[in-house]
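A short write-up of the structure that comes next.
The values are calculated or read from the model by the stated rules, or taken from the named source; none is laboratory data. Just so you know, these numbers come straight off a predicted model, no measurement behind them. Reconstructed Cβ throughout: ideal geometry from the backbone, glycine too, with neighbour counts over all protein chains shown.
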Amino acid sequence: MSALLSLDVPVRDGALVPYANLDYAASAPCLESVRDAVAAALPAYSSVHRGAGYASQVTTARYEQARLTVKAFTGARPDDALVFTRNTTDSMNLLARSLPAGTTVVVFATEHHATLLPWPSPVRLSPPALPGEAVRAADEALAAIEGPALLVVTAASNVTGELWPIAGLAHIAHRHGARIAVDAAQLVPHRQLNIAALDLDYVAFSGHKLYAPFGAGVLVGRRDWLAAAEPYLKGGGAVRAVGDEAEWSTDAEARHEAGTPNVLGAIALAAACDHLTETGWPALIHEEERLLGRLRAGIAAIDGVHELALWPADHPRVGIVSFVVDGRTAREVAETLSAEHGIGVRDGKFCAHPFVRHLLGVGHGGCDDSGGAVRASIGIGSTDEHIDRLLAALRACS
């Protein structure tokens, strides 16, 4: 039985074909094990942390076990906090609200909007031409800052799939007495994460990128800033007592999880983490790199189709490829792939407008006026047939 829920889709001639989902980077499909975990939790579903009844006790236990499971999946330190959020954007906005007064944020212009936009008056660094330049640019920027600082960076680009040197960037940040926050939304579906080994201060990611499309995300990291900050949401569960004024919880998780949390989302996310761990990273990575190599080699062999990249072609990356087709807009290509071939891809600027504009500006002038590109992304369930179908369709339309 497949690990993923299957889907047949209509094409222009009226036939139904198996969906070639090459849009994992936007939202990954649901794993069967995730669906089953949610279904198993539903009969006893109840609010958490507030009830003495059986269902509330069972649901509370499942929710807190999910927290432990996801924390272990990230390789977090024992004393790190893990706050359940809605998604990576929510997590980064929570962190932005938790910064000590006077903190200066340094961020690269290559970031997804979730990590580019939440910060007040950040220092924005230009796209680096090489990974080493990213480290040097961060070093120079942090050296010029007095007071607390936070370096914000992606672990894997949602536009190009390129892996960023987060270990080196963490070392530089700490050398200057700063902290580092990492957007791991595109990393964790493809590579094992170890917060403690990489010495990262904060990590955020989303369940819907991780085969758990049930509306949950996490912010994992050092407890002190979160425990000292004003609650992100103010309401039940975030308080110890309420009189004329509220006495807020000193527990970092409770402090920022007011109201009834997304219990099923947390359970789904934990189930996805379990599935990836049990499948084993070596097998997952080997298959992804094989398919990615097939896709990139095929694109390189098609006249008029150009892959977008920030760094040299041999730089390590996860299963994401963005490209443009001479004489065709990104939307035209994506619509043709869907309507005629049953292939799902993403088109546009991928919530990374400055970065995509940068890549298109140094690339191929035949791109459409809106500055968009097409993105194909792979994951569990991707097959040789999906890749070959995409390449055949691109040869037909280029």
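Among the numbered conditions (1) part of a loop (DSSP other than H, G, I, E, B); (2) of a type in the set (Phe, Trp, Tyr); (3) under 24 Å from Arg255 (Cβ atoms), the only one that Phe205 does not meet is (1). If the condition is being acidic (Asp, Glu) and in contact (Cβ under 8 Å) with a residue 40 or more places away in the chain, then segment 139-156 contributes no residue at all. I'd like to know if segment 282-303 contains one or more residues that are over 18 Å from the mean Cα position of the chain (by Cα), closer than 23 Å to Phe214 by Cα and not acidic (Asp, Glu). Within segment 282-303, none of the residues are over 18 Å from the mean Cα position of the chain (by Cα), closer than 23 Å to Phe214 by Cα and not acidic (Asp, Glu). For segment 48-82, a tally of residues being crowded, with 18+ Cβ neighbours inside 10 Å, over 25 Å from Trp281 (Cα atoms) and of a type in the set (Ser, Thr, Tyr) returns 2.
Condition check ((1) of a type in the set (Asp, Glu); (2) assigned by TED's automatic domain parsing to the domain that holds Gly361) across all residues:
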{"position": "Ala227", "(1), (2)": "no, no"}
{"position": "Glu253", "(1), (2)": "yes, no"}
{"position": "Leu292", "(1), (2)": "no, yes"}
{"position": "Ile302", "(1), (2)": "no, yes"}
{"position": "Leu310", "(1), (2)": "no, yes"}
{"position": "Gly319", "(1), (2)": "no, yes"}
{"position": "Arg331", "(1), (2)": "no, yes"}
{"position": "Glu335", "(1), (2)": "yes, yes"}
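With a requirement of 1 or more residues that are among the hydroxyl-bearing types (Ser, Thr, Tyr), the helices (runs of 4 or more DSSP H) lying completely within segment 263-375 that satisfy it span 263-279, 330-341.
Number of residues in segment 146-168 that are in a loop (DSSP other than H, G, I, E, B) and crowded, with 17+ Cβ neighbours inside 10 Å: the value is 8. When Ala181, Ala114 are checked against the criterion of being of a type outside the set (Val, Ile, Thr), in a strand (DSSP E or B), at negative phi and under 14 Å from the mean Cα position of the chain (by Cα), Ala181 stands alone in meeting it.
Pick from segment 7-47 the residues that are over 23 Å from Leu394 (Cα atoms) and loosely packed, with under 12 Cβ neighbours inside 10 Å: which of them is farthest from the chain's Cα centre (by Cα)? Here the answer is Pro43. Pairs are defined by a Cβ separation below 7 Å, a sequence spacing of at least 6 or placement on different chains, a first member in segment 253-276 that is surrounded by fewer than 24 Cβ atoms within 10 Å (Cβ to Cβ) and among the charged types (D, E, K, R), and a second member that is modelled with pLDDT of 95 or more and not in a helix (DSSP H, G or I); the pairs so defined are Glu253/Ala81; Glu253/Leu82; Glu253/Val83. Here Ala212 clears all of (1) within 27 Å of Thr104 (Cβ to Cβ); (2) at pLDDT 95 or above except the condition numbered (1).
Only residues that are among the charged types (D, E, K, R) and touching a Ser or Thr at 6+ places or on another chain (Cβ under 8 Å) were counted in segment 87-122, giving 1.
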